[in-house]
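Asker: Shown below is the structure under consideration.
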Amino acid sequence: MNKLVSRAVLIIEIILTLLFSAIIIDTCLVYYDSGINPSFSIITTTLSMAIAIIFPLAAHIVIRLKHRSNTPEGEILPFLFLSITLECVSFLPTYYIETGNLLLDPILINVLIRFAFITNALIFMFVALLLMGVNNNNYLSYFILSVISALILSIMAPNSSAIQMAGSNFGSDYDVYFNFAITLITIATIVTFIGAAVKDKMRHSIERCITYILITIGNYGIFSKTSMIVTLISSVIMIIGSLMLMITSKESF
């Protein structure tokens, strides 16, 4: 990857991390100032969002500082870290409900949430395919086309102006199909990672596949918001996966 592009992606990720960190801190301060104890749901959601922005960024920085050589998936890793951070835009509806501060138009929030989740799922799949050994001569073109398609779909799908409806992940009844598609892509991604590990039986390759599987599962569980227990377990899995990525990714950018 072009160094200028790679650095630009990292800078954008750092900026988003700072913005989302400020939002999370502000949410905590609202409860602190009011003297009201937050619910278990709010504590879990806030904690999981913090993990989702801190650990991927830490992995991104550590890999950049320590590892210099190139591998196929290393070309797309910066975008993977950025997409995980961007998914934290799904916290904005909760932030509005808890604080009353509306930072963006509800429809724009819905579009950003859709785009973040779809793009993230596609990037995980690209990483899995590259580890599988799929011909990567034109992968950048396919990647750009996929991102553009995800943006078009996110904009064209019907929206709801009721921001509370975006609290689960998306803001429209039509978004159940997006959720279903993301789930299918995530399952296919995990299967592909397993296939890559079976295909290349070298220890380092297996470790990398296991690492990406953990991050995929952790990321999906954090943002699927199926239950608080699932969110907590997924947060732990995300931490483990991120730490393993720092250790096993001796070849990256």
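Asker: Residue farthest toward the positive end of the dipole of the range 1-131, with Cβ of Lys/Arg at +1 and Asp/Glu at -1: which of Ile51, Pro93, Val127?
Answerer: Result: Val127.
Asker: Still on this structure, I have one more. Using +1 at the C-beta of Lys and Arg and -1 at the C-beta of Asp and Glu, which of Ile11, Phe178, Ile118 has the Cα lying farthest in the positive direction of the dipole of the chain?
Answerer: Ile11
Asker: Is any residue of the range 30-59 close enough, with backbone N under 20 Å, to a label point placed 7 angstrom from the Cα of Ile229 along the Cα-Cβ axis, and if so, which?
Answerer: From the range 30-59, the list is 39-48.
Asker: While we're here: When the dipole is taken about the Cα centre of the range 3-248, and only Lys, Arg (+1) and Asp, Glu (-1) are charged at their Cβ, what size is it in debye, to the nearest 20? Intermediate values should be presented prior to the final figure.
Answerer: On the way: 11 positive and 12 negative charges, 184 e Å.
So the magnitude is around 880 debye.
Asker: What ranking do 14-27, 119-132, 40-53 get when scored by the average of other Cβ atoms within 10 Å per residue, highest first? Intermediate results must be reported in sequence, preceding the final value.
Answerer: On the way: 14-27: 16.2, 119-132: 22.9, 40-53: 19.1.
The densest-packed peptide leads the list: 119-132, 40-53, 14-27.
Asker: Can you order the peptides 235-242, 184-191, 151-158 by their average number of other Cβ atoms within 10 Å per residue, highest first?
Answerer: Descending mean neighbour count gives 235-242, 184-191, 151-158.
Asker: Based only on other Cβ atoms within 10 Å, what is the fewest-to-most ordering of Arg203, Arg114? Show your work: numbers first, answer last.
Answerer: Values: Arg203 8, Arg114 29.
So the residues, fewest neighbours to most, are Arg203, Arg114.
Asker: Rank the residues Glu207, Glu98, Glu13, Glu87 as a footprinting-exposure proxy: fewest other Cβ atoms within 10 Å of their Cβ go first.
Answerer: Details: Glu207 16, Glu98 19, Glu13 23, Glu87 26.
The fewest-first ordering by Cβ neighbours comes to Glu207, Glu98, Glu13, Glu87.
Asker: Neighbouring Cβ atoms within 10 Å as the yardstick, rank Arg208, Arg7 fewest first.
Answerer: Arg7, Arg208
Asker: By how many nm would the segment from Ile15 to Asp200 lengthen if fully extended, with 0.36 nm per residue of separation less the alpha-carbon distance?
Answerer: Result for the pair: 62.9 nm of gain on full extension.
Asker: Would you mind getting me the FRET efficiency between Ala8 and Ser34? Use the beta-carbon distance for r and R0 = 45 Å, nearest 0.05. List each step's numbers first, then the result.
Answerer: Details: r = 40 Å, r/R0 = 0.88.
Result of the calculation: an efficiency of 0.70.
Asker: Mean projection of the alpha-carbon convex hull of the range 3-248 over all orientations, in nm²?
Answerer: 13.0
Asker: For the range 191-250, what mean projected area does the convex hull of the alpha carbons give, in nm²?
Answerer: Approximately 4.0 nm², given one-decimal rounding.
Every read-out reported here was derived from the displayed coordinates using simple, explicitly stated rules and does not represent laboratory data. All values reported here derive from a predicted model rather than from experimental measurement. Reconstructed Cβ throughout: ideal geometry from the backbone, glycine too, with neighbour counts over all protein chains shown.
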